[in-house]
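The values are calculated or read from the model by the stated rules, or taken from the named source; none is laboratory data. Keep in mind the model is a prediction, meaning the values are calculated, not measured. Reconstructed Cβ throughout: ideal geometry from the backbone, glycine too, with neighbour counts over all protein chains shown.
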Amino acid sequence: MAKRGTGQVFHVADEAAGLTLAAYLRQQIPETSWATAEKLVRARRVTIHGNLCRDAARRLQAGEVVKLLDIPVAAPPGPRDVHIVYLDESVVVVDKPSGITTTRHHEEAGWPKRRRQLQPTLDEMLPIVIARYLDRGKKKRPHPDQPTAPRRTTPVRAVHRIDRETSGLLVFARTVPAGRRHNHLASRA
């Protein structure tokens, strides 16, 4: 990921709450046109609380931290950047690249799609990643000892999480019993 540079940091005051990101940038940066404000957002140069925001119409809340970066943030990882290490009917183990969150934060769950961060989380990408993996596996002749995974592609839940900027292996339960087994084992530890 590209170094984000120092940039300008703005703290959304109570009186600016409810403004769109573009309107707020126009307010904070003198002589900024609507087109320029929108271009800064589309160019991956604006973060809110450290998360890239590509929605110039996103409404801001008091207390949020908006940062205008000197240089654009690298494009966020997508499904093609996530690699499956192991897959069976109960679990999937993936190699998570840095720059993506594992799951959506609980406070974002009820937010309208427009207000959420526009980058999907790893658990939201996994159905695509698993489907691609299974489709690729159909083209190869499987080894007789290799377990086969059912076509179900949606994981039930993340077994654990790691920070957005950390890369590494993550386990997702693909069935309710697998998720419960993890909870049982974790409570005994």
Yes/no for residue 26 being farther than 21 Å from residue 108 by Cβ and surrounded by fewer than 17 Cβ atoms within 10 Å (Cβ to Cβ): no
The residue that is farthest from residue 179 (Cα to Cα), considering only those in the range 98-114 that are out of contact with any helix residue (DSSP H, G or I) (no Cβ under 8 Å at 6 or more places or on another chain), at pLDDT below 85 and not in a helix (DSSP H, G or I), is 114
Residue 75 fails exactly one of (1) surrounded by 13 or more Cβ atoms within 10 Å (Cβ to Cβ); (2) part of a helix (DSSP H, G or I), namely (2)
Quick count over the range 56-93, residues being among the charged types (D, E, K, R) and in contact with a helix residue (DSSP H, G or I) (Cβ under 7 Å, 6 or more places away or on another chain), is 1
If we keep only residues of the range 118-161 that are under 19 Å from the mean Cα position of the chain (by Cα) and modelled with pLDDT under 70, then the residue surrounded by the fewest Cβ atoms within 10 Å (Cβ to Cβ) is 154
- Task: May I ask you to verify whether residue 95 is assigned to a strand (DSSP E or B) and of a type in the set (Asp, Glu)?
- Result: yes
Picked from the range 56-90 (must be charged (D, E, K, R) and under 15 Å from the mean Cα position of the chain (by Cα)), the residue farthest from residue 167 (Cα to Cα) is 80
